[in-house]
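**Q** Before anything else, here's the structure in question.
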């Protein structure tokens, strides 16, 4: 189990500095996840960022999925390694397990919102429920899938983005 002291030693700061800045290991993990997803330390939620707003405003569902695939190719290089470390640590650390569970729940919530948008516009493939669409989005946006294709199979980001876009369109749209 990684302790705050281990993190402090690895980053050449005192444990007190970490506790002062983050108050707990869970808060430190949450900050690292947020920075990985947003790409910065600004307080604006991801759902309110221009990149997400542009996807939301796009009227063509295929173009929306392409924009989203490109977004995933930018976020997952920072997020996937962190999630891998969290998965490994979650087996022995309840705080890390809770943070990982929350990350998955937040991803599903965001993908449910995306599925609702596609459904409201009548874009979903006939017979595909909004819940099923959210599950497809959640699965295909997973850091684990990025890890398999890019980190393990050595795909480049462009190939990954194109593949994810194609898979999303094939699974969700007519």
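Computed from the coordinates by the stated procedures, all read-outs in this text should not be read as laboratory data. What you see is a predicted model, and the numbers here were worked out from it, not measured in a lab. Cβ atoms come from the backbone with ideal geometry, glycine included; neighbour counts cover every protein chain shown.
**Q** In degrees, nearest 10, range 0 to 90: what is the angle between the Cα axis of helix 157-172 and the longest Cα principal axis of the chain?
**A** 50
**Q** Running Debye on the range 59-174 with equal point scatterers at the Cα sites and no solvent, what base-10 log of I(q)/I(0) appears at q = 0.10 Å⁻¹?
**A** Reported log10 I(q)/I(0), two decimals: -0.31.
**Q** Moving on. If you rank 79, 28, 151 by fewest surrounding Cβ atoms within 10 Å, what's the result?
**A** In order of increasing Cβ crowding within 10 Å: 151, 28, 79.
**Q** Would you list 71, 114 from fewest to most Cβ contacts within 10 Å?
**A** 71, 114
**Q** So what is the relative contact order of the chain, in percent, for Cα pairs below 8 Å that sit 6 or more residues apart?
**A** 24
**Q** Ok, one more. Contour minus end-to-end for residue 91 and residue 78, with contour as 0.36 nm per residue of separation and end-to-end as the Cα-Cα distance?
**A** Gain on extension, residue 91 to residue 78, equals 2.5 nm.
**Q** Helix 61-90 versus the longest principal axis of the chain: what is the Cα-based angle in degrees, 0 to 90, to the nearest 10?
**A** Computed tilt is about 30 degrees.
**Q** If I fit a long axis through the Cα atoms of helix 94-120 and take the longest principal axis of the Cα atoms of the chain, what angle between them do I get, 0 to 90°, rounded to 10?
**A** 20
**Q** Just want the ordering: 142, 48, from fewest to most Cβ atoms lying within 10 Å of their own Cβ.
**A** The most exposed by this proxy come first: 48, 142.
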